[in-house]
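A short worksheet on the structure shown next.
Bear in mind these aren't lab numbers, they're just calculated from the coordinates by the rules spelled out. In this text the structure is predicted, and so the values were computed from the model without any measurement. Methodologically, a virtual Cβ is constructed for each residue, glycine included, from the backbone with ideal geometry; neighbour enumeration extends over all protein chains shown.
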Amino acid sequence: MAVPISRTLLISLVSVVIAATLVHAKGHGHHAHGGHHHHHQNQSMQVGLMTYDGRSLIINGKRALLFLGSIHYPRSTAEMWPDILEKAKRGGLNLIQTYMFWNIHEPVQGQFDFEGNYDVVKFIKLVHEHGMYATIRLGPFIQAEWNHGGLPYWLREVPRIIFRFDNTAYKYHMKNYVDMIVSRLREAKLFAPQGGPIILAQIENEYNMVQLAYRELGNSYVRWAAMISVNQNIGVPWIMCKHKDALDPVINTCNGRHCRDTFTGPNKPNKPSLWTENWTAQYRVFGDPHSQRAAEDSAFSVARYLSKNGALTNYYMYHGGTNFGRTSSIFTTTCYYDEAPLDEYGLPRDPKWSHLKDLHKALKLSRKALLWGVPGVQKISADTEVHFYEMPTTGTCAAFVTNNNFKTEAY
């Protein structure tokens, strides 16, 4: 019998739920694979040494299946943060991602602002209090539909400066900025080896989009950026998003709507497959219609990604919030990512919020099989496959049924 594509997506998710239930039933009371069985609440806040391998991030010796959401602290008020984070936690997230915004923190050279809605230390501490990890994206160019891409305007007045380039003046100010941010976070003991929630950090942003234009001086700049990051010695892995050839040990990651099908994968086999931006809709400029993305499509893309060795996915945005004052990029609307799981005011937007919450529950039940199981593929037809992860010693298994042809129905 022919099954419509929309139902194929549903079947894929249902298969995850069924497999997850079997995992839970078979694994109950057993400490499979070296005793890695933990209640979610305890597992979610393991802190300490951060490492990784080709399967996942490893937090204090334990593999982690991570569901992130982008929540930008200056796009809401400090009074809203606890409620937004509480809803993110209830929605099944265990990691919060945010950019760092240089132009709000140093609007005038040498004059710093980390007060009120710009108090990033307070925001990250609240993330920790809500039982979640944090990822920081330093940029310093962040795009994010933010004024000047996050770069302060005084930087334009520096003689002979060229942004994001192997340029002495730019590198001098960029390193000072990175040193300043890292020092502030380290003093607050916010990195995982210090007992804090920060388990990942990002340098640069989607640099592949400009690297070719700069040619060799773009290549040397991005290698330098990786080097100064690693030399910060913060004890957590560094990543570069939408960048194909990140210098070791920096991890290259994917941005997009369907990274299972568009991501070529990590550039080394010892690096995990990480999805730093799963776009929940699209930002809008004035005059645009509503940008919509079905909850089912968002959920299907996550399940499909995890079926191909994925271990981390981030919803960009989980809460879009508000572009206050003149903080947005040109023509961008005041309301940012208004189709995110949490709306501009921090209220759940259903069915997306609830649908993704149910997805996270199912996938977390499958955690042991996904992270420690042996992967395999079984073809059902020309376009339909079962991707599975099985632990031979216990029989614990998680399976995904997927239609690889998005233009025809599955049989």
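Amide H contacts of MET317: THR280, ALA281, each under 5 Å away and 5 or more positions distant or on a separate chain (H built 1.01 Å from N in the peptide plane; Pro and chain starts excluded).
For segment 214-221, 3J(HN,Hα) computed residue by residue from phi via the Karplus equation (6.51, -1.76, 1.60; θ = phi - 60°) reads 8, 6, 5, 6, x, 4, 5, 5 Hz, glycine and proline entered as x. Once you reduce segment 319-363 and segment 246-297 to the center of their Cα atoms, the two points are 16 Å from each other.
Remark on SER273: its backbone amide H falls under 5 Å from those of ALA311, a criterion applied only to residues 5 or more positions apart or on other chains, H modelled at 1.01 Å from N. For the options PHE67, PHE163, PHE400, a Gaussian network treatment of the chain with springs between C-alpha atoms closer than 10 Å singles out PHE163 as fluctuating the most.
Taking the helices alone, the chain has a mean residue ellipticity at 222 nm of -9500 deg cm²/dmol, built from -39,500 (n - 2.57) per DSSP H run of at least 4 residues and averaged over all its residues. Taking the Cα centre of segment 46-372 as reference, the dipole from Cβ charges on Lys and Arg (+1) and Asp and Glu (-1) amounts to some 1060 debye. Over segment 46-372, the alpha carbon radius of gyration divided by the compact-protein estimate 2.2 N^0.38 Å works out to 0.93. Helix 5-27 and the longest principal axis of the Cα set of the chain meet at an angle near 80°. Projecting the Cα atoms of ALA303, THR276, CYS254 onto the charge dipole of segment 46-372 (Cβ charges, centred on the Cα centre) puts ALA303 farthest toward the positive pole. Counting other Cβ atoms within 10 Å as a rough exposure proxy, the listed residues GLU204, GLU296 run GLU296, GLU204 from fewest neighbours to most.
Report, please, the projected area of segment 193-280 averaged over directions, based on the convex hull of its C-alpha atoms, in nm². Write out the running numbers ahead of the final one.
Values: hull surface 25.8 nm².
Averaged projected area of segment 193-280's Cα convex hull equals 6.4 nm².
Each label was represented as a point 7 Å from its Cα along the Cα-to-Cβ direction; for ASP261 and ASP350 these points are 3.0 nm apart. Near ASN404, the amide H atoms lying under 5 Å from its own belong to THR384, GLU385; only residues 5 or more places off or on other chains count, and H is placed 1.01 Å from N.
How high is the relative contact order of the chain? Use alpha-carbon pairs under 8 Å, at least six apart in sequence, and give a whole percent. All intermediate terms of the calculation are to be shown ahead of the outcome.
Values: 834 pairs, mean separation 93.2, N = 411.
Across the chain, relative contact order equals 23 percent.
Across segment 312-328, rounded Karplus estimates of 3J(HN,Hα) from the backbone phi angles (6.51 cos²θ - 1.76 cosθ + 1.60, θ = phi - 60°) give 8, 9, 10, 8, 10, 9, 8, 9, x, x, 10, 8, 6, x, 10, 7, 7 Hz, Gly and Pro being marked x. Less than 10 Å Cβ to Cβ from GLY196, Lys/Arg counted +1 and Asp/Glu -1: what total charge do the surrounding residues give? Result for the neighbourhood of GLY196: +3. Ordering CYS335, CYS397, CYS254 from the fewest to the most neighbouring beta carbons within 10 Å gives CYS335, CYS397, CYS254. Ranking ALA382, ALA398, SER354 by how far each Cα lies toward the positive end of the dipole of segment 342-411 (charges on Cβ) leaves ALA398 at the top.
Whole-Hz Karplus values for segment 83-99 come out as 5, 4, 5, 4, 5, 5, 5, 5, x, x, 7, 10, 7, 10, 10, 9, 6 Hz, taken residue by residue from phi with 6.51 cos²θ - 1.76 cosθ + 1.60 and θ = phi - 60°; glycine and proline positions read x. Taking Cβ separations below 4.7 Å as the criterion for a possible disulfide partner, the isolated cysteines in the chain are CYS241, CYS335, CYS397. Once the Cβ-Cβ distance of MET180 and ASP288 is raised to the sixth power relative to R0 = 45 Å, the FRET efficiency obtained is 0.80. Give me the net charge for the shell around GLN232: Cβ to Cβ below 13 angstrom, other residues only, Lys and Arg +1, Asp and Glu -1. So the surrounding residues net to +2.
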